[in-house]
1. Within the stretch 50-73, take every residue that is open to solvent by 100 Å² or more (accessible area, probe 1.4 Å) and part of a loop (DSSP other than H, G, I, E, B) and give me the one that is modelled with the lowest pLDDT.
2. Residue check: is L36 at pLDDT below 90, surrounded by 10 or more Cβ atoms within 10 Å (Cβ to Cβ) and not charged (D, E, K, R)?
Amino acid sequence: MKNNVDSKLLLGLVIGAAVGAAIGYLAATDKKEQILDELNSFVGRVKEGFNSAINKYKGNLESPAEEPGRTSE
C-alpha cells in the first residue's frame, strides 16, 4: 500500500515539474503572445467539444429512445 502512495507522490512531483517548466518557458520566450493565442484557441475548441458532448448526453437523458415493439399514442 505504501508503495502505491509513493509512486503517486512521485508522479505528482514529475507532473508538477513539467508544468512549472512549461510555464517558465512561456514566461521567458519572445513568442509568448502567439503561443498563448494558440493555446486559448485550442482550449476553446476542447471546451466547445466538451459542451457539445454534455448537451448531447443531456438530450439523450431527456428523450430516451422508444422501446422496440411499443408505439407512442
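1. So, considering only residues that are open to solvent by 100 Å² or more (accessible area, probe 1.4 Å) and part of a loop (DSSP other than H, G, I, E, B), the one modelled with the lowest pLDDT is E73.
2. Working: at pLDDT below 90: yes; surrounded by 10 or more Cβ atoms within 10 Å (Cβ to Cβ): yes; not charged (D, E, K, R): yes.
Judged against the criteria, L36 is a match.
The values are calculated or read from the model by the stated rules, or taken from the named source; none is laboratory data. Source: prediction; values computed, not measured. All Cβ positions, glycine included, derive from the backbone under ideal geometry; neighbour counts span all protein chains shown. In case anyone asks, the SASA skips ligands and DNA or RNA and just uses the protein heavy atoms, side chains included. Shrake-Rupley method; radii C 1.70, N 1.55, O 1.52, S 1.80 Å.
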